[in-house]
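Please read the structure below before turning to the comments.
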Amino acid sequence: AYRPFVDMFRALAARARRADPALPPLRASAPRLIVYGITEFIAAEVREGRIAALESSADDLYHHAVTVLTAS
């Protein structure tokens, strides 16, 4: 179920490395960690009744995904 998202993040990492060859190699687990981490974060917010606050978390989630993809 998560495979398309893992593939998407892997492709984004490859694109970043084409744009900036100085980036270190991508760790194999990085795309999965992003997908599972974001999924669990959203699930926890829903369980805690903070659905309305999810939109305000978008910038943080973006920041963390970029950090993991480019600093692997």
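Taken together, the values in this text are just the output of simple stated rules run on the coordinates, not laboratory data. Just so it is clear, the model here is predicted, and its values are computed rather than measured. Here the Cβ is made from the backbone with ideal geometry for all residues, glycine too, and neighbour counts use every protein chain on show.
For the range 1-34, which positions are touching a helix residue (DSSP H, G or I) at 6+ places or on another chain (Cβ under 7 Å), of a type in the set (A, V, I, L, M) and not in a loop (DSSP other than H, G, I, E, B)?
Across the range 1-34, the qualifying residues are 6, 12, 13, 16, 30, 33, 34.
Just to be sure, is residue 61 touching a residue at least 24 places away in the same chain (Cβ under 8 Å), assigned to a helix (DSSP H, G or I), under 11 Å from the mean Cα position of the chain (by Cα) and surrounded by 12 or more Cβ atoms within 10 Å (Cβ to Cβ)?
Numbers: touching a residue at least 24 places away in the same chain (Cβ under 8 Å): no; assigned to a helix (DSSP H, G or I): yes; under 11 Å from the mean Cα position of the chain (by Cα): yes; surrounded by 12 or more Cβ atoms within 10 Å (Cβ to Cβ): yes.
Judged against the criteria, residue 61 is not a match.
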